[in-house]
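Trainee: Here it is, the structure in full.
Since every read-out is calculated from the coordinates, none of them should be taken as a lab result. Predicted model only: the values in this text are computed from it and were never measured. Heads up, the Cβs are rebuilt from the backbone with ideal geometry, glycines too, and the neighbour counts pull from every protein chain shown.
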Protein chains: 2
Amino acid sequence: MISFEDFILEEDGPIYLQIIRYVKRGIVAGSIRNGEEMISRRALSALLGVNPNTIQKAYHLLEEEGIIRSRSGAKSCVEVDEGQKEEIRQSLLRQETLAWVQAMRQMGTGREDALALAERIWKEGGGKEER
Amino acid sequence: MISFEDFILEEDGPIYLQIIRYVKRGIVAGSIRNGEEMISRRALSALLGVNPNTIQKAYHLLEEEGIIRSRSGAKSCVEVDEGQKEEIRQSLLRQETLAWVQAMRQMGTGREDALALAERIWKEGGGKEER
DNA sequence: CTAACTGTATTATAAAACTAATACACTTTT
DNA sequence: AAAAGTGTATTAGTTTTATAATACAGTTAG
């Protein structure tokens, strides 16, 4: 079951979008697999200290995007084929990277400098992710 | 004068935050210099097709951060010393890059792959920025 | 000086995001 | 079968974001 263990609530954008992002990235990473059960709306609500309606909004949008499937009474399940998975991968990788590149450009950072910085920061936070 | 020529209104987050981001990145890039005049609130409002109050909110927050200085009646001016400039640079570069690195990690992308992707996307959009 | 422009302030409205408290029917578990 | 858990729906209220219409006093340019 998708437990949202390593999910961290940012102070950035809307919560329901953060949840959608988390699921999509998990699918791309392979840590969230097809057929897997989602944690229930109420349980996630309690876990994050967030209103159930906010979770419902996220889950509802995930269903509209054809990423999860809900039948009344039972837990929602992930339902993505390989095509969708690849779509999401391409879309997210490009989108996030393009945003970063544009940010670096607007700050007048050269390609070499930007890549070097990214590599440095990558190595810094290296110990935390590999458990 | 800061004309906001190359400013593009995203559909992402709040408009007033996009304006603040634009100014900060411009300062880091050196395209926005100390002492320079800001475009007036009304003029920018008309240029972006956005309510004057939204611009005022952005300018007000920029002043609270000590980035611009406003005297009633005259145009607001940028007022940042080298220390502030360096603070903003460090903060923005780190913040944006860390966000990208974390995104790539959460998608299970390796360091080499991520950096290669960034380099490819950097070269793609290369013709547009150098005029 | 005068007219135009500027920053600032006020009040009102609306949509989006989030919280709160329920309620009901369906599924799973015991 | 009964209880607990689940998806779904409704109504109400708050905060944030953005719009709209003015108004006033200080600065600048003609």
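Trainee: For Cα pairs less than 8 Å apart in space and 6+ apart in sequence, what is the mean separation divided by the residue count of chain A, i.e. the relative contact order in percent?
Mentor: Rounded, it is 22 percent for chain A.
Trainee: Here's a follow-up. Looking at the protein assembly as shown only, what percent of DSSP beta bridges run antiparallel? Nearest 5 please.
Mentor: Counting only bridges with both partners in the protein assembly as shown, antiparallel ones make up about 75 percent.
Trainee: OK, next. Using a ≥ b ≥ c from the Cα gyration tensor of the protein assembly as shown (square roots of the eigenvalues), is it rounded, prolate or oblate, where a/c under 1.5 gives rounded and otherwise the larger of a/b and b/c decides, a/b for prolate?
Mentor: Here the protein assembly as shown falls in the prolate category.
Trainee: Which helices of chain A meet both criteria: a Cα extent of 30 Å or more along the helical axis and a mean Kyte-Doolittle score no lower than 1.0, with helices taken as whole DSSP H segments?
Mentor: Correct list, ordered by number: empty.
Trainee: Per-residue ellipticity at 222 nm for chain A, helices alone: DSSP H runs ≥ 4 residues times -39500 (n - 2.57), over residue total, nearest 500 deg cm²/dmol?
Mentor: On the way: 6 runs with 79 residues, N = 131.
Taking each H run of at least 4 residues, the total per residue is -19000 deg cm²/dmol.
Trainee: Here's another thing I want to ask about it. Taking the Cα centre of each part, how many Å lie between region A:79-125 and region A:1-60?
Mentor: If we compute the Cα centre of each part, the gap is 22 Å.
Trainee: Right, something else. Give the shape of region B:82-131 as rounded, prolate or oblate, defined through the alpha-carbon gyration tensor: a ≥ b ≥ c are the square roots of its eigenvalues, a/c under 1.5 means rounded, and otherwise the shape is prolate if a/b is larger than b/c and oblate if not.
Mentor: It comes out oblate by the Cα gyration axes.
Trainee: Between B:M1 and B:R111, what is the label-to-label distance in nm when each label sits 7 Å out along the Cα-to-Cβ direction?
Mentor: 4.9 nm
Trainee: Determine, for B:M107, B:M1, the number of other Cβ atoms within 10 Å of each Cβ, and report the residues in order from fewest to most.
Mentor: In increasing order of surrounding Cβ atoms, one gets B:M1, B:M107.
Trainee: Ranked by Cβ crowding within 10 angstrom, fewest neighbours first, how are B:R41, B:R69 ordered?
Mentor: On the way: B:R41 20, B:R69 15.
With the sparsest Cβ surroundings first, the list reads B:R69, B:R41.
Trainee: Does chain B come out rounded, prolate or oblate, given a ≥ b ≥ c as the square roots of the eigenvalues of its C-alpha gyration tensor, rounded meaning a/c under 1.5 and, failing that, prolate meaning a/b above b/c?
Mentor: Details: a/c = 2.10, a/b = 1.83, b/c = 1.15.
Taking the square roots of the gyration eigenvalues as a ≥ b ≥ c, chain B is prolate.
Trainee: Also, quick follow-up: Most exposed first by the Cβ proxy, i.e. fewest other Cβ within 10 Å, how do B:T109, A:T54 rank? Please report the intermediate quantities before stating the final value.
Mentor: Numbers: B:T109 23, A:T54 17.
With the fewest neighbours first, B:T109, A:T54 line up as A:T54, B:T109.
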